[in-house]
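The values are calculated or read from the model by the stated rules, or taken from the named source; none is laboratory data. Nothing here was measured: the structure is a model prediction, and the numbers come from that model. So basically every Cβ, Gly included, is an ideal-geometry build from the backbone, and we count neighbours across all protein chains shown.
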Amino acid sequence: MRSIIRLLAAGAVALPVLVGAAGIASADAEYEDSTVAATPFGAGIHTVESGADEDGVAYFYESFLGAGPMGAGFEQTGSLSYPGGAAYGHEFGFVGPFGAVAGDTESSADTNDWDDEDWDDEGDDEDWGGEGEDD
């Protein structure tokens, strides 16, 4: 039973890690929705959060935590976009009388934004370790 509680707690605390507390606190537009249920058949919570700010940062997070007579589990998905890149993550874990399963997926992308000082319009690439060109 303690391992089930640890599993659920780990999923619950993952929001700040996945999304980043600073992104949540500075959002200019936010959406949040939560549903909590406790019945004779089990308990669960579903949460959705999203937001965006004027700096071009946007995030989405959704999670589910649940436990019942046949086991317990969690699933969470999050994405973050920011100027110059984006990231996505999804993970899940379930355990019950017939076994356990867990998995995750992660993806990210960043652009190569060169500063104007780093780029030589003359065609000379000495700054990049090349031999350079004459015009």
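Go through (1) modelled with pLDDT under 95; (2) touching a helix residue (DSSP H, G or I) at 6+ places or on another chain (Cβ under 9 Å); (3) surrounded by 17 or more Cβ atoms within 10 Å (Cβ to Cβ) for Pro16 and report which single condition fails.
(3)
Within region 63-112, restricting attention to residues that are of a type in the set (D, E, K, R) and surrounded by 13 or more Cβ atoms within 10 Å (Cβ to Cβ), which residue is nearest to Val36 (Cα to Cα)?
Once the filter is applied, the top-ranked residue is Glu75.
Using beta carbons and a limit of 6 Å, which pairs, at least six apart or on different chains, have the first residue in region 63-74 and without any contact (Cβ under 8 Å) to a residue 24 or more places away in the chain and the second one surrounded by fewer than 18 Cβ atoms within 10 Å (Cβ to Cβ)?
Phe64/His46; Phe64/Glu75
Please go through region 92-103 and give me each residue that is under 30 Å from Glu30 (Cα atoms) and in contact (Cβ under 8 Å) with a residue 40 or more places away in the chain, ordered by number.
Residue satisfying the conditions is Gly93 alone.
For region 51-62, name all the residues that are without any contact (Cβ under 8 Å) to a residue 24 or more places away in the chain and either of a type in the set (D, E, K, R) or crowded, with 18+ Cβ neighbours inside 10 Å (or both).
Answer for region 51-62, where residues must be without any contact (Cβ under 8 Å) to a residue 24 or more places away in the chain and either of a type in the set (D, E, K, R) or crowded, with 18+ Cβ neighbours inside 10 Å (or both): just Glu62.
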